[in-house]
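The values are calculated or read from the model by the stated rules, or taken from the named source; none is laboratory data. Since the structure is predicted, the reported quantities are computational estimates derived from the model, not experimental observations. So basically every Cβ, Gly included, is an ideal-geometry build from the backbone, and we count neighbours across all protein chains shown.
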Amino acid sequence: MVKVFIVLLSFINGALSVGPRCLGCTGVPLLTDCNNIIECGNGEACYTQKITTDAATIVYDAGCLSLQVCNVISTIGKNTGLGKRDVTNCYECCPETNHTLTTPPCNAKLCGIHERSEPKCYMCDDVMKPENCRTTGYCDLDEQCFTEKLTNHATGEIRYKLGCQRKAVCASLAMYPTLPNSGSCNECCDENYCNIGLCKQSILGKPHFTSTPGNFTVDSQTSVTLTCSVDPTSQATIKWSFESLLGPQLGVSPNGITLGNQTSLTLTADVTSFGAYTCTATNTNGFVTAKGYLSPKIPITTPTTTTITTLTTTTTTPTTTTTTPTTTTTPTTTTTSPTTRTTTPTTTTSPTTTTTTPTTTTTTPTTTTTTPTTLSTTDPCPNGCCDTDPKCRVFNFIATACLHHGTASLCPYICGLCSQTITTTRAPCKPDTDPRCHDFTYLVTACIDNEQAKICPKMCGLC
């Protein structure tokens, strides 16, 4: 089941974009007997697998694998079990990067295999273009690879025949490879797989990227260069397009640059340039695309430790009560009687004064200290420029806030009003504890799935 999945995935990717040409066979006794050529997709490489079956016979599989799976193979080694009985003696990839349609399949020489001494050539009797030929074969030692071009003058139709030709005939044809005005061509060459490029046939295929834009997560005001280039022999044209994080209505021109057929874009990271950049390469055989992303780095800020002291003072106003002195005087009364004279003495009451001492009550101030929780990071807001407002982590807010100076000051870092660098130390990679991480059959499928790859991060190359 694993093999079927890999072959099907390779076929689908090969139909969408151009990668290397590889030998493609399953269960052949000798890899030199594999005469089928397949075209892999971008992000794939040629592989060869040598297997000892349960019947103690050796067979070979060859074809295309994703580069991610190839990295897994190089990590866990070449020898492993496959299924319950079959044993893989060798599993190797050759991730060629500078390949063309005329490049020989590199997996023909993996697992210690060597080509035979006879020349190996493309062999097709009737194809419209040499690159349409997918069959190869060995010629005799006294032969060379050969291509013949024939033109039907009545219809203007051109056909090609590829195969072998005797060296003596090739020597004669070398004198007159093309007859003037005949539309025909007969040419020979003496290297393996070389006849696919004879008769001045431009081997285009779909465009092939030699560099693609990467993904960047950067601080504001950082200078970034995105590159996109193709193999000059593919005769392709380049066109850039941009999809802003602000949406289709805003920021359609990053930094005010008009996008065209530039091979590189040098940008200053800001609110107008964050988004997706797509490079499309097109020629007469089709097109391929590559995409890169420029994203803002949102810093992690550390809150400043603040001690808040609440001072509570209660003062009771002194109360003073004063009783006004009261003085009572009884007037002198004199009564004269004919026989008795009585004199009543004068009675004087001294004033009574009552004074209440003022009472002062003072409440001792209560001091309350609140210590906030402090989050620790390795780089707590260098230069004092941080975005502390929680809205600064909401893109819909900063997309509009950064366009106005008044609101941009709320988020000075993300709006490019300051610059700082935060270095994050990557956590060390722990050993894979799941026993399935040592099962090659499981890893082949798990490592190409982002979620399953986390089960075996070390074996899948995530750290």
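Do the conditions hold for residue 82, that is, is it loosely packed, with under 14 Cβ neighbours inside 10 Å, of a type in the set (A, V, I, L, M), modelled with pLDDT under 90 and not assigned by TED's automatic domain parsing to the domain that holds residue 136?
Against the criterion (loosely packed, with under 14 Cβ neighbours inside 10 Å, of a type in the set (A, V, I, L, M), modelled with pLDDT under 90 and not assigned by TED's automatic domain parsing to the domain that holds residue 136), residue 82 does not qualify.
Please verify whether residue 284 is closer than 18 Å to residue 211 by Cβ and at pLDDT below 85, treating the condition exactly as stated.
Numbers: closer than 18 Å to residue 211 by Cβ: no; at pLDDT below 85: yes.
Spelling it out, it is not the case that residue 284 is closer than 18 Å to residue 211 by Cβ and at pLDDT below 85.
What residue, among those in the stretch 125-180 that are surrounded by fewer than 20 Cβ atoms within 10 Å (Cβ to Cβ), assigned to a helix (DSSP H, G or I) and touching a strand residue (DSSP E or B) at 6+ places or on another chain (Cβ under 7 Å), is modelled with the highest pLDDT?
The residue in question is 167.
Which members of the stretch 413-446 meet the condition of being at pLDDT 75 or above and assigned to a loop (DSSP other than H, G, I, E, B)?
Correct list: 430, 431, 432, 433, 434, 439.
Would you confirm, using the coordinates I've provided, whether residue 53 is surrounded by fewer than 16 Cβ atoms within 10 Å (Cβ to Cβ), modelled with pLDDT of 85 or more and outside the structural domain of residue 35 (by TED's automatic domain parsing)?
Answer is no for this residue.
Looking at (1) within 30 Å of residue 413 (Cα to Cα); (2) under 19 Å from the mean Cα position of the chain (by Cα); (3) crowded, with 17+ Cβ neighbours inside 10 Å, can you tell me which one residue 243 breaks?
Among (1) within 30 Å of residue 413 (Cα to Cα); (2) under 19 Å from the mean Cα position of the chain (by Cα); (3) crowded, with 17+ Cβ neighbours inside 10 Å, residue 243 violates only (3).
What are the residue pairs meeting all of these: first residue in the stretch 285-296, first residue free of Cβ contacts under 8 Å to residues at least 40 places away in the same chain and among the polar types (S, T, N, Q), second residue outside any loop (DSSP other than H, G, I, E, B) and surrounded by 15 or more Cβ atoms within 10 Å (Cβ to Cβ), Cβ atoms under 6 Å, and 6 or more apart or on different chains?
Listed pairs, sorted by first residue: 289/278; 289/280.
Among the residues of the stretch 17-61, what is the count of those that are part of a loop (DSSP other than H, G, I, E, B) and of a type in the set (Asp, Glu)?
Count: 1.
Which of the residues belonging to the stretch 105-124 are farther than 21 Å from residue 43 by Cβ, of a type outside the set (A, V, I, L, M, F, W, C) and part of a loop (DSSP other than H, G, I, E, B)? I'd like the intermediate steps shown before the answer.
Residues of the stretch 105-124 farther than 21 Å from residue 43 by Cβ: 108-109, 111-124.
So of that shortlist, the ones also of a type outside the set (A, V, I, L, M, F, W, C) come out as 109, 112, 114-120, 122.
The answer is 112, 114, 115, 116, 117, 118, 119.
Could you give every pair whose Cβ atoms fall below 8 Å, whose first residue belongs to the stretch 229-240 and is without any contact (Cβ under 8 Å) to a residue 40 or more places away in the chain, and whose second residue is hydroxyl-bearing (Ser, Thr, Tyr) and not in a strand (DSSP E or B), counting only separations of at least 6 or pairs across chains?
Listed pairs, sorted by first residue: 229/263.
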